[in-house]
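Reading through the C-alpha cells given below for one structure.
The values are calculated or read from the model by the stated rules, or taken from the named source; none is laboratory data. Owing to the predicted nature of the structure, the values given are computational and were not obtained by experimental measurement. Cβ placement follows ideal geometry from the backbone for every residue including glycine, while neighbour counts extend to all protein chains displayed. The protein model used for the area step is the full one, side chains on, heavy atoms only, and it has no ligands, DNA or RNA in it. Shrake-Rupley method; radii C 1.70, N 1.55, O 1.52, S 1.80 Å.
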Amino acid sequence: MSRAAEVSDPSFPSITAAGFAATIAQVLLLRELLVLFHGNEMSTGLAFAGWLLWTSLGSAVAARLCSRIPSRGHTLGLLLALLAVALPALVLLVRGARWVFGIPSGELATIGKMVLVSLIVPVLVCPLAGALFGLCWAYRWTGADASSTRPLKIYLGEALGAAVGGIFFYFVLLRLATALQTAIVVALLLLGLSGWILRPRTGDSSARRPRLFWLLSTTAVLVVAVQGSYIEVSSRRWQWGEHLAAARDTPFHNVAILRQPDQITVFTNGLWLFTLPDPMTTELAVDVALLQHPRPGRLLFLGGGLAGHIEEALKHPGVERIDYVELDPELISFSERFSSASVRESLRDPRVHIYREDAGRFLRRDAAEYDVILMSVGDPINAQMNRFYTVELFRRIGRHLLPGGMFTFSVPGGGDTIGPAHARFLGSMNRTLREAFPQVAVLPGERARFFAARQTAPLVLDARVLADRIRQRGLDPVYIREDTLHDALSPFRLDYMRSVLGELEDSPINRQFSPVCYFHALMLWSAQWHPGLARFIGAAAAVRPVHLFSGLAAAGLLVTLFFWVGRPRYRMAVGASVLVQGASGMVLQVVLILSFQILEGFAYLQLALIIAFFMAGLAAGTLCIAALRRWWVDGRRATGWLLGLQASVTAFPLLLLGFFSPAAEGLREGLSSFSASWLFSATSFVAGLLGGAHFSLAVLASTAAGARLERTGGYLYAVDLAGAACGAFAAGLFVLPLYGVPSTLILLSLLSMICLPPLLRRP
C-alpha cells in the first residue's frame, strides 16, 4: 500500500468509530433490557450472549467474503450509514418489545420471550459491527506480508474507539442525554464519517447508490432528532402504557412513575418499588415493626421513605430521630413531585435526616445506634438486590442496634402453602439471618416478615401485647388491629413456618460474593415460568465445585491427548486458547461489575467505566505487541510469547482471589468510593491488556503456522467473541449464582490452564 493510499485509507477511522458506537449501543441495550426484564440478571447474560454471537457471525462472514467485495471503501461507508440508522432503531425496538413480542404489560417475560428478544434485537447492530471489523482487517491487510503487524491496527482501533466511547458515555452522555438522544448523537457522528468516506471524487461514479443511501439515512436520523421529544414520550408509553406520568434515566436507575386518579406507583429498572398511598403495606411494614419495641426512639430506614414509611413512623410517640438512607438522590427529587403533601411534609420534619448514599457504605462509615432498623430496598430477586441480604450486611446492621434493638425486613413469603422452591429460599434467608443474630422470628404470609434482635430483646409474638401497645400509643391503624394480629400470630401459622424452616437447617448461607439467595430467587422465577428450566438449574446446583474442578481436570487430560497424539494441530490449539480467553475476559468483566455493585451499590455508573478500561487495555496490549514485532520476524518467537502469555492469563484470576478472600475484608471495607472505582477500573485494564496481547500474538502465531493473514483476524475475532458470548451467558445464569466469585475465578484459571499443554507442541 502506497503512502498516499495509507493516508486516505478509511479502515482505521471506520473501525474506531464502529468500536465507539458499539460500546455505547451495548450499554444502552443492557439498560433498556433490564427495564424490560425487571432487572433479572439472566437477561444480562442473554443480552451479552446475543450481542457477541451476532458480532462474531458478522466478522466471520466478512472474513469469508472480503475477497469478493470490489470496492471496500464504499462498502465501509455504507456499513457505517447502516449502523447509524440502527442505533435509534435499537432503542425504539426494545421499548416496543412488549407489543412486538407479545409480552403483557406489567408481567415478567417468560424464558422463551427473553431468549427471543435477546437474540433478535441485537441483529440491528451487531452483524454490522462485526462485518466492519472483518472488512477493515482485510482492507488493512492489502499488500502486507505474513509477518506484518499492520492489520493489528484494526484491532487496536476498535479497542481505542470502544474505550473512548465508554469514557465519553460515562462522563458526558450519561448525565446530559436520554438513551434516545445518546443514540442520535452517536448516529450523527457515524454519518459524518460515512459522508467523508463516500465524498465525491474525480472520476469516481461507483458510489452513487451508497451516497443515495447515505442521504436517506441522514434524513431519517435528522427527522428522529427533530421529533425527539415526541418520540421519547411515545416510546416510553410503549413500555408502560397510558398511565405513565414520567420516566427518567438516572445514573443509578431507570425510574418510571405510573399515575392513576388516587395513587402513584414507582418502578426502578422495571421493578415495582412502592405504591402510594398503600396503607395496608405501610402499616404492615412500619407499625408491626415499631410495636415490637417498647419505646422506639431512634430509627433507621434503609429505603421506604418515599413510600410513606416515615410518615407512618412519626405517628408513634417518643420517636426522636429518623435517619433515612436512599441511594439515588434523583429518586427523591423526581418522585417527591408526584407524592402526597403529607409524605413531602414528613421528609421535611426536623426529626428526619436524609442521607443520599448506598446503605452498605452508610453503615460502614456511620457509628450511630438505633432502636429499630427497617429495610425496604426491594426483594433479592437479582444480584443487585441480593447484596442487601447477606450475612456480612446483617452483621454490620447488628453492630448498629442499641441494647434491645430490632431489625426487620420482608420478602415474598409464599402465602399459606409454601412450595419446595420457596421453602429453600426462606430457609437460606433464615439461616443467613441466624448467623448474624441470636434471635430470629418469621411471620408467615404473602410477605414473610423477618425480625432479628440482640439477645437482650425478646421478640414479641403475643397479639395481646402488641394490641395493648397500639392503645398505649394512641394509634389508630386501619389494618393492624387486634383481630388481624391474632390471625397473623396464630400458633398454627407460626408452627407451620417453624416446621418448614426447621427442615432446612442446613440451607446455605447467603454471602457477599456467593449470592445464594439470588440463586433461590432465580429458581422461584424459573419454576413459575418453565419447570424444565427449574429442574435443569436444580440439577446444576447439585454439582459441587470440587466435582466441577475434577471434571475439568479430566477434560484437560483428554484435550492434551487430542492435541499431542497424531499430527500437530497447532492452529486449532491457538483458536481454542482465543475462545477460552474471550470467555475469561468477559466473565472477569461481569465479576468486576457485580463485585463493585456489592461493595458500592451503583454498578450502572461503573459499568461503562469498567468496559471502557477493559477496551483501553485491549488497545494497550495490541500496541505492546506491535511495538515489539522485531522479536519474531519469522514468527517462531511469537509462539513462545503466546505460551508465556497463556500462563499469565491462567495466573491472573488466582491473583484476584486474594482481594475477595475473608482476610481482605478490612481492605475492602476501608476503600472509598473513589478509590474502589479506580481500583476496579485498573483491574479491568489489566484484564484487557492480557486479552489484547493474547489476541495479537494468536494472530501472528497462526500466520506463522500457515494461516492466511487476510482472513485470520476476522476468524479469530469471531472465535474470541463466541467465547465471550458463552462466558457471559454461563456467568450470568449459572456460574456466579451457583458458585460465587471465588470459585468462578478458580474455574477461569483451570479453563485457561487446559489450553497450555496443546500450545507446547509448536508447528
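General observations
- Two-site label geometry, Val565 and Leu657: point separation in nm, points 7 Å out along Cα→Cβ: 3.1
- Amide N proximity, region 312-351 versus Gln263 label position 7 Å along Cα-to-Cβ, cut-off under 19 Å: 312-313, 335-344
- With respect to the chain, whose longest principal axis is taken over its alpha-carbon atoms, helix 463-472 is tilted by about 80°.
- Modelled spin-label separation between Leu189 and Asp468, with each label point placed 7 Å from Cα along the Cα-to-Cβ direction: 6.9 nm.
- Accessible surface area normalised per residue over the chain is 39 Å², counting heavy atoms of protein chains with a 1.4 Å rolling probe.
- Each Cα pair under 8 Å and six or more residues apart adds its separation to the average, and for region 315-436 the resulting relative contact order is 23 percent.
- Expressed as a whole percent, the accessible surface of the chain that belongs to carbon and sulfur atoms is 63, based on a 1.4 Å probe.
- Computed E for Gln227/Ser333 - FRET, C-beta separation, R0 35 angstrom, nearest 0.05: 0.80
- Magnitude of the charge dipole for region 346-385, about its Cα centre and with charges confined to Cβ atoms of Lys, Arg (+1) and Asp, Glu (-1), is about 180 debye.
- Most positive-pole-ward Cα, Phe536, Gly415, Val377, against dipole of the chain from beta carbon charges: Phe536
- Normalising the average separation of contacting C-alpha pairs (under 8 angstrom, six or more residues apart) by the number of residues puts the relative contact order of region 260-372 at 28 percent.
- Förster radius 25 Å - calculated FRET efficiency between Ala220 and Leu176, Cβ distance, rounded to 0.05: 0.60
- Taking Cα extents along the principal axes in Å as calculated from this structure, the corresponding entry among [x] 92, 61, 44; [y] 82, 55, 49; [z] 99, 66, 43 is [x].
- In order along region 55-64, the Karplus-derived 3J(HN,Hα) couplings, from 6.51 cos²θ - 1.76 cosθ + 1.60 at θ = phi - 60°, round to 5, 4, 5, x, 5, 5, 5, 5, 5, 6 Hz, and Gly and Pro are given as x.
- Furthest towards positive pole of dipole, Tyr324, Leu588, Leu759, structure part the chain, Cβ charges: Leu759
- Between 0 and 90 degrees, the angle of helix 126-141 with respect to the longest Cα principal axis of the chain falls at about 30 degrees.
- Think of the chain as a dipole: +1 on every Lys or Arg Cβ, -1 on every Asp or Glu Cβ, centred on the Cα centre; then among Ala246, Gly551, Gly732, Gly551 lies furthest on the positive end.
- Database remark: amide H of Tyr370 closer than 5 angstrom to the amide H of Leu401, Leu402 (H placed geometrically; neighbours at sequence offset of 5 or more, or on other chains; Pro and chain starts carry no H).
- Its Cα centre serving as origin, region 199-322 has a Cβ charge dipole (Lys and Arg +1, Asp and Glu -1) of approximately 1020 debye.
- The radius of gyration of the Cα set in region 181-270, together with its Dmax, comes out at 19.8, 70 angstrom.
- The calculated FRET efficiency for the pair Leu679 and Ala542, based on their C-beta separation and a Förster distance of 41 Å, comes to about 0.70.
- Under a model in which nothing but the beta-carbon of Lys, Arg (+1) and Asp, Glu (-1) is charged, the chain shows a dipole of about 3040 debye around its Cα centre.
- The relative contact order of the chain, computed from alpha carbon pairs under 8 Å that lie at least 6 residues apart in sequence, is 17 percent.
- Summed over qualifying helices (DSSP H, 4 residues or more, each -39500 (n - 2.57)) and divided by its residue number, the chain shows a 222 nm mean residue ellipticity of -21000 deg cm²/dmol.
- Remark on Ser514: its backbone amide H falls under 5 Å from those of Val741, a criterion applied only to residues 5 or more positions apart or on other chains, H modelled at 1.01 Å from N.
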